[in-house]
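Derivation of every value follows stated rules applied to the coordinates shown; laboratory data play no part. Model, not experiment: these values are computed from the prediction. Reconstructed Cβ throughout: ideal geometry from the backbone, glycine too, with neighbour counts over all protein chains shown.
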Ligand SMILES: O=C(O)[C@@H](O)[C@@H](O)[C@H](O)[C@H](O)CO
Ligand SMILES: [Fe+2]
């Protein structure tokens, strides 16, 4: 059984009450985090317990954390990384004490996802996030300003102003970090934490880069099947897994998302899936996000769910970003209505796939019985 969830930013920062999430049919999990702990610090047990209690009091479960971010010193490979790795291991132990099973993280230098439009208007009047490549041709600082100027008072995860206040020094620190060095630093990190993950029964699930292409000369190493193979080889175990984000992988038309799912799902390396659709605009990689339904975007969500079904995926899934519809002005990408519609649609596909294959099994059994008569 797929464990379906919904991302939530906490009672201070998310306009959506847990009660509403509980009312979405087939949604049993909250994907949460402690968003205010500075990257690199240990997550205190008390705070984890408080979040867990709050989620459980609302009748939901908290088993996936998105994200425990990785300090840039680890990605750059500075001597200070060892202390940050020790802190990370302690956070893993603290999360395990409260039944967390999966940690989603990313390994993108400096910033997380990039979009150029937070309220891109579609012909039906709904809005969503979009990416237009021509708008990221300036400096990293210009892009940072463009993204944060559209944040409407929310702190966008991965774009925390405090962390990015000295952008130039941070950027300079990556001067000699190319793809191979970043990958070596990722291997160092994984090899250091994996024994703790295995002991604590927590799976690490690296989120695919978004968009899956290098920007501002910074390396990207989680963007396609070859990259995923390299990461899988860093520590061969189901504890070293992926957050397959269908939208981010799908933003490169060369990525065959169902094939990637089949390859890594068969190796038990997909503990967590972000399911969303995107629609290409032209052929230079520009896209806007779209409703989840296959016919609304460029990705075939049926084929994606079928691939998951065929590899017996029984991990965690959440609908990724949604549009703003019905007058809602939500956190960019994280309104209630369209994500709830997406979740229902995904559950519909999964139910049909499960019952469809059960029917086939029944037919086979019946035919065999008939033959015996
Ligand atoms: O785009 C989003 O909102 C998320 O999919 C990512 O920010 C994701 O949470 C991180 O990359 C995971 O660390
Ligand atoms: Fe995602």
For 263, 152, 289, 134, what ranking results if the residue with the fewest other Cβ atoms within 10 Å of its Cβ goes first? 134, 152, 263, 289
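Determine, for 197, 245, the number of other Cβ atoms within 10 Å of each Cβ, and report the residues in order from fewest to most. Show your work: numbers first, answer last.
Details: 197 22, 245 26.
If I rank by nearby Cβ atoms, fewest first, I get 197, 245.
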The FRET efficiency for residue 256 and residue 149, from their Cβ-Cβ distance with R0 = 51 Å and rounded to 0.05, is 0.90
Label-point separation in nm, residue 300 to residue 266, each point 7 Å along Cα→Cβ: 1.9 nm
May I ask what percent, to the nearest 5, of DSSP beta bridges between residues of the range 106-250 are antiparallel? 50 percent
So, relative contact order of the range 3-372 in percent, Cα under 8 Å, 6 or more apart, is 16 percent
Counting C-alpha atoms alone, how compact is the range 50-195: give Rg to one decimal and Dmax as a whole number, in angstrom. 18.1, 52
Pop a pseudo-label 7 angstrom from the Cα along the beta-carbon direction at both residue 184 and residue 23 and give the gap in nm to one decimal. 5.5 nm
Overall dimensions of the range 3-372 by Cα: Rg and Dmax, Å: 20.4, 76
Of 358, 259, 173, the most mobile residue in a GNM of the chain (C-alpha springs, cutoff 10 Å) is 358
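Determine the percent antiparallel among the DSSP beta bridges restricted to the range 3-372, to the nearest 5.
Bridges in the range 3-372 that DSSP calls antiparallel: roughly 30 percent.
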209, 73 arranged by Cβ crowding within 10 Å, fewest neighbours leading: 73, 209
PRE zone check, label point 7 Å out along Cα-to-Cβ of residue 134, amide N under 19 Å, scope the range 283-324, hits 283-289
Could you identify which residue out of 279, 75, 49 has the top mean-square fluctuation in a GNM of the chain using Cα springs shorter than 10 Å? 49
Candidates 318, 230, 220; GNM for the chain (alpha-carbon contacts under 10 Å) flags as most fluctuating 230
Using Cα centres only, tell me the gap between the range 1-66 and the range 90-118 in whole Å. 13 Å
